[in-house]
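One structure below.
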Amino acid sequence: CEFDESSYICCRTLDKTLQYYNSNDDIYASFVLKSYATCILNISNKEFITGHDNGSISKWEITYSNKNVELELLLSIKSNNKSITCLTYNEKLNIIISCDYNTIMIRKAHDFEYLNSIDIKNNENFKKYIVDVKISDYNLLYALIYIEEKDIYELQGYTMNGTYFGVYSSNISNFQITKTGKIIIGDIDKPIIKILDPVNLTEIHEKKLDIKGENTY
């Protein structure tokens, strides 16, 4: 969880701690939690949210004083029934999303007020797990789903009220949402990126990446 170019906090799942580092001033601090933090996400330059193995989410504020670092717990609630696997935040909509393997929980960021939840259901043939979730500024939500039996990923689209509106099935490695709402996806097996229409999730552009160039960054 990065706050600026030199300060960050990481969650250690081995010993229930959050650890703060500042490379410029060589500041270090360790904070012991009551439960294991499974993921972490900053929502401002002073506040961040942690997800935990007991399904809870917590909001923290970080403060500095004479090279000392302090954490204040602002809010903590039981959000999901299972361990939190990913968190996402949209500043424009002021929405936080917490996910376990099968449930997407949508809440207001400032007070964690419940807005909606979406269940990703398994069937007799396939087990599906939520890997990542992102929300666009246009109130559309996208979930990257891993299908265990097929060993592939698919991208599912939902409105904020939970209405399913489409799927893109491919061997997706990761995805991002542009400022205009379009979806950019990477491919696990091929050096290609694709751009998807945000509503019907069809391909509108494909670009093959040059992996033979001499310059690497």
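Computed over neighbours whose Cβ is under 15 Å from that of S79, the net charge equals 0, Lys and Arg +1, Asp and Glu -1. The relative contact order of the chain, computed from alpha carbon pairs under 8 Å that lie at least 6 residues apart in sequence, is 9 percent. Ranked by the mean number of other Cβ atoms within 10 Å of their residues, highest first, the peptides 125-135, 99-109 fall in the order 99-109, 125-135. Measuring with a 1.4 angstrom probe and ignoring ligands and nucleic acids, S56 comes out at about 20 Å² accessible. Taking Cβ atoms as reference points and 15 Å as the exclusive limit, the residues near T202 contribute a net charge of -2, counting Lys and Arg as +1 and Asp and Glu as -1. Across the stretch 123-139, rounded Karplus estimates of 3J(HN,Hα) from the backbone phi angles (6.51 cos²θ - 1.76 cosθ + 1.60, θ = phi - 60°) give 10, 5, 9, 10, 9, 10, 10, 6, 9, 7, 9, 9, 10, 8, 5, 9, 6 Hz, Gly and Pro being marked x.
Judged by the ratio a/c of the largest to the smallest principal axis of the C-alpha gyration tensor, the stretch 105-148 counts as prolate, that ratio being 1.5 or greater while a/b is larger than b/c.
Placing unit charges on each Cβ (+1 for Lys and Arg, -1 for Asp and Glu) gives the stretch 1-87 a dipole about its Cα centre, and among I9, Y28, I77 the Cα reaching farthest toward its positive end belongs to I77. Net charge dipole, the chain: roughly 380 debye, given to the nearest 20, about the Cα centre with Cβ charges of +1 for Lys and Arg and -1 for Asp and Glu.
3J(HN,Hα) along the stretch 80-97: 10, 7, 10, 4, 6, 9, 7, 10, 9, 9, 10, 5, 4, 8, 6, 10, 10, 10 Hz, from the Karplus curve 6.51 cos²θ - 1.76 cosθ + 1.60 with θ = phi - 60°, whole Hz, x for Gly and Pro.
The values are calculated or read from the model by the stated rules, or taken from the named source; none is laboratory data. What you are looking at is a predicted structure, and each value in this text was computed from that prediction instead of being measured. Note that each Cβ is placed from the backbone with ideal geometry, even for glycine, and that neighbours are counted across all protein chains shown. The area values use the complete protein model at the heavy-atom level, side chains included, leaving out ligands, DNA and RNA. Shrake-Rupley method; radii C 1.70, N 1.55, O 1.52, S 1.80 Å.
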